[in-house]
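These notes are about the structure you will find just below.
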Amino acid sequence: MDMLAAFLQYLEKEKGYSSHTVRSYGDDLRSFMEYAGLSPESVNDFHSISHRTIRAWLATLVSQGISARSVNRKLSSLRTFFRFLTIKGVVKVNPMGKVLSPKTSKRLPEFVPESDMSKLETPDLFGDDFQGARNRLIMQMFYYTGMRLSELVSLTMQSVNLEEMQLKVLGKGSKERIIPIHPDLAPNIKEYLGFREELQPQTTAFFITEKGKPVYAKLVYRVVRHYLTLITPLQKRSPHVLRHTFATHLLNKGADLNAIKELLGHSSLLATQVYTHSTFEKLKKNYNQAHPRA
């Protein structure tokens with residue numbers, strides 16, 4: 001039995017992980033199996049894996065210059081996989097119990113300042129055709145809702161309710177949440193939908209290409225990177241930066257942390273609290289620049 005295929009199917013069907021996440025798990029596990037000389041089809045191979053093998057693999061990754069954060073992500077994939085094998089009775093002792101994660105430095109989320117985000121309103125930045133209307137709306141959807149890349153790509157026509165002024169988003173673990181549509185966003189949604197209707201697409205996907213096909217993650221990533229390059233000097237220019245920007249700007253304007261947690265779709269408040277550190281660092285920087293004795 002191919003345990004890797006069974007595990008990836010479990011992540012997708014039972015845990016509701018996105019195709020991108022499942023693919024990342026698969027890549028991490030294939031890398032380890034290649035190193036350890038494992039065959040996914042040979043159940044007996046997994047009995048021979050000890051914590052020493054995993055530690056040696058980690059040492060190899062570190063020697064290759066792979067960051068502690070990336071190593072920890074691969075370890076997370078391995079932990080979930082061996083937990084699955086333990087539940088299925090394939091292994092009796094989970095070797096991950098004796099494997100420690102490398103320490104990582106805490107990295108505060110990067111975000112785009114409000115002054116830079118206002119540049120998205122510059123006339124003629126996007127153009128007045130279908131592509132311009134779509135790209136403007138993609139940028140605004142991220143900034144006005146804080147949704148993830150996978151969530152935006154999976155939006156359908158039924159997800160967007162202009163009458164109720166709300167979006168229905170399918171988040172991690174197939175959990176649905178409702179996000180209000182900001183009044184400034186509604187006119188641009190209507191404009192985009194007008195262009196979309198002219199293309200008469202044969203798909204229920206909300207965001208589509210010029211050929212009427214659903215947009216895909218790489219296309220959206222390129223769109224975001226292009227326009228962030230035009231408005232901000234930030235080195236990191238991704239959809240997730242716009243998610244961080246959404247949360248940070250809300251917190252700076254006095255929004256309740258629990259409300260931000262619900263809007264972001266975080267399962268724990270701990271994940272949301274990182275934004276309080278980000279805003280404090282900004283406050284401290286302003287203090288040190290402005291106070292005469294600082």
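Looking at the structure I just gave you, is R69 charged (D, E, K, R), out of contact with any helix residue (DSSP H, G or I) (no Cβ under 8 Å at 6 or more places or on another chain) and either farther than 30 Å from R148 by Cα or not assigned by TED's automatic domain parsing to the domain that holds A271 (or both)?
yes
Against the definition (in contact with a Gly (Cβ under 9 Å, 6 or more places away or on another chain) and either among the hydrophobic types (A, V, I, L, M, F, W, C) or over 21 Å from T248 (Cα atoms) (or both)), how does K218 come out, yes or no?
no
Among the residues of region 6-54, count how many are over 27 Å from L152 (Cα atoms) and either in a helix (DSSP H, G or I) or modelled with pLDDT under 85 (or both).
Looking only at that region, the number is 24.
Within region 59-80, which residues are outside any helix (DSSP H, G or I) and loosely packed, with under 14 Cβ neighbours inside 10 Å?
Q64, G65, S67
Report yes if some residue within region 100-110 is out of contact with any Cys (no Cβ under 8 Å at 6 or more places or on another chain), among the aliphatic types (A, V, I, L, M), in contact (Cβ under 8 Å) with a residue 60 or more places away in the chain and surrounded by fewer than 18 Cβ atoms within 10 Å (Cβ to Cβ); otherwise report no.
Yes, that holds for at least one residue.
Collect the residues in region 168-180 that are closer than 14 Å to Q158 by Cα, free of Cβ contacts under 8 Å to residues at least 60 places away in the same chain and not charged (D, E, K, R), keeping them in residue-number order.
L170, I178
With the condition kept exactly as written, say whether any residue in region 99-113 is in a helix (DSSP H, G or I), in contact with a His (Cβ under 9 Å, 6 or more places away or on another chain) and outside the structural domain of G26 (by TED's automatic domain parsing).
no
Somewhere in region 191-204, is a residue charged (D, E, K, R), part of a loop (DSSP other than H, G, I, E, B), buried (at least 16 other Cβ atoms within 10 Å of the Cβ) and in contact (Cβ under 8 Å) with a residue 40 or more places away in the chain?
Among the residues of region 191-204, not one is charged (D, E, K, R), part of a loop (DSSP other than H, G, I, E, B), buried (at least 16 other Cβ atoms within 10 Å of the Cβ) and in contact (Cβ under 8 Å) with a residue 40 or more places away in the chain, which makes the answer no.
Restricting to region 9-20, and then to whatever is crowded, with 17+ Cβ neighbours inside 10 Å and more than 10 Å from F84 (Cβ to Cβ), can you tell me which residue is nearest to the chain's Cα centre (by Cα)?
Checking each candidate, the answer is S18.
Kindly establish whether T80 is in contact (Cβ under 8 Å) with a residue 24 or more places away in the chain, closer than 30 Å to G171 by Cβ and outside the structural domain of L149 (by TED's automatic domain parsing).
Spelling it out, T80 is indeed in contact (Cβ under 8 Å) with a residue 24 or more places away in the chain, closer than 30 Å to G171 by Cβ and outside the structural domain of L149 (by TED's automatic domain parsing).
One residue is enough: does region 106-125 have a residue meeting the conditions at pLDDT below 90, basic (K, R) and under 25 Å from V71 (Cβ atoms)?
yes
Any chance you could count how many residues in region 222-266 are of a type in the set (S, T, N, Q) and part of a loop (DSSP other than H, G, I, E, B)?
3
For residues that are in a helix (DSSP H, G or I) and either in contact (Cβ under 8 Å) with a residue 12 or more places away in the chain or in contact with a strand residue (DSSP E or B) (Cβ under 8 Å, 6 or more places away or on another chain) (or both), scanning just region 128-138, find the one that is nearest to E191 (Cα to Cα).
Step by step, filter region 128-138, then rank; the result is A133.
Among the residues of region 126-140, is there at least one that is closer than 23 Å to N252 by Cβ and assigned by TED's automatic domain parsing to the domain that holds K261?
Scanning region 126-140, I find at least one residue that is closer than 23 Å to N252 by Cβ and assigned by TED's automatic domain parsing to the domain that holds K261, so the answer is yes.
What are the residue pairs meeting all of these: first residue in region 113-127, first residue farther than 14 Å from L137 by Cα, second residue polar (S, T, N, Q), Cβ atoms under 6 Å, and 6 or more apart or on different chains?
D116/T232
Please go through region 37-58 and give me each residue that is surrounded by 13 or more Cβ atoms within 10 Å (Cβ to Cβ) and touching an Asp or Glu at 6+ places or on another chain (Cβ under 8 Å), ordered by number.
Answer for region 37-58, where residues must be surrounded by 13 or more Cβ atoms within 10 Å (Cβ to Cβ) and touching an Asp or Glu at 6+ places or on another chain (Cβ under 8 Å): L38, S39, P40.
The values are calculated or read from the model by the stated rules, or taken from the named source; none is laboratory data. What you see is a predicted model, and the numbers here were worked out from it, not measured in a lab. Note: ideal-geometry Cβ built from the backbone for every residue, glycine included; neighbour counts use all protein chains shown.
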